[in-house]
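The values are calculated or read from the model by the stated rules, or taken from the named source; none is laboratory data. Predicted, not measured: the structure shown is a model, and the values here were computed from it. Cβ placement follows ideal geometry from the backbone for every residue including glycine, while neighbour counts extend to all protein chains displayed. Side chains are part of the model used for accessible areas, which takes the heavy atoms of the whole protein and leaves out ligands, DNA and RNA. Shrake-Rupley method; radii C 1.70, N 1.55, O 1.52, S 1.80 Å.
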Amino acid sequence: EVIFPGIRSIVADSVMPRAERCQNDSGLELWRRLFMEWRGAAPEVTMIQQEQFQQPARSKNLAALWDDLDRWISLGAELDLAEYPVPEWVKRSALLRLVPTDVEQRVRDKPELRTFDEILAYVRTLLSHQRAQSQARAAADSGSAMQIGQVGGEEEEWGEEGGWEEQG
């Protein structure tokens, strides 16, 4: 309730017709509309976004690739929404720049991966496989920790005085 009047007092009169379109004086809705409109308004912003999409920083490893890939795909979606679609071959090339070098080599060793969608699906499969392996290792490492009497690695028995006594 406080956000809407605050934004209305800051923005210029030329923006006020947009404020009338927000239902129930929703300040968050007005902020979202203004942010989306002004963020991509300048051609320089779109040019920088295209540059970042086409020449992403290489991910250090598969764990970092999870976040980097999500950000990179979102950036591509923003470019598509701004009516600056990226050609297929540019997407393919940029994706290979984004992934770690070992993953890039694995993709290059598979000639059947020709399109951007095929390469992206393969990279996501590698990520899912890596995550499943990590979770399996974590579960295997902590398997004995859930057994009774294995707390701290020492066996304990219930003593005559009504408490646990260490045996050992």
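Just give me the residues in the range 70-84 being free of Cβ contacts under 8 Å to residues at least 12 places away in the same chain and charged (D, E, K, R), in sequence order.
Those that are free of Cβ contacts under 8 Å to residues at least 12 places away in the same chain and charged (D, E, K, R): Asp70, Arg71, Asp80, Glu83.
Of the residues in the range 73-86, how many are modelled with pLDDT of 85 or more and within 17 Å of the chain's Cα centre (by Cα)?
5
Inside the range 85-144, counting only helices (runs of 4 or more DSSP H) that do not spill past its ends, which hold 2 or more residues that are touching a helix residue (DSSP H, G or I) at 6+ places or on another chain (Cβ under 7 Å) and touching a residue at least 24 places away in the same chain (Cβ under 8 Å)?
88-98, 116-141
Can we say Asp68 is at pLDDT 90 or above and open to solvent by 50 Å² or more (accessible area, probe 1.4 Å)?
no
Quick one: Ala63 ticks every box in (1) assigned to a loop (DSSP other than H, G, I, E, B); (2) closer than 12 Å to Pro100 by Cβ; (3) open to solvent by 20 Å² or more (accessible area, probe 1.4 Å) except a single one, so which number is it?
Status for Ala63: all satisfied but (1).
To keep it simple, each residue is scored yes or no on (1) surrounded by 11 or more Cβ atoms within 10 Å (Cβ to Cβ); (2) more than 19 Å from the chain's Cα centre (by Cα); (3) under 16 Å from Asn61 (Cα atoms); (4) among the β-branched types (Val, Ile, Thr).
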| residue | (1), (2), (3), (4) |
| --- | --- |
| Glu88 | yes, yes, no, no |
| Val99 | yes, no, yes, yes |
| Thr115 | yes, yes, no, yes |
| Glu118 | yes, yes, no, no |
| Val123 | yes, no, yes, yes |
| Leu126 | yes, no, yes, no |
| Ala140 | no, yes, no, no |
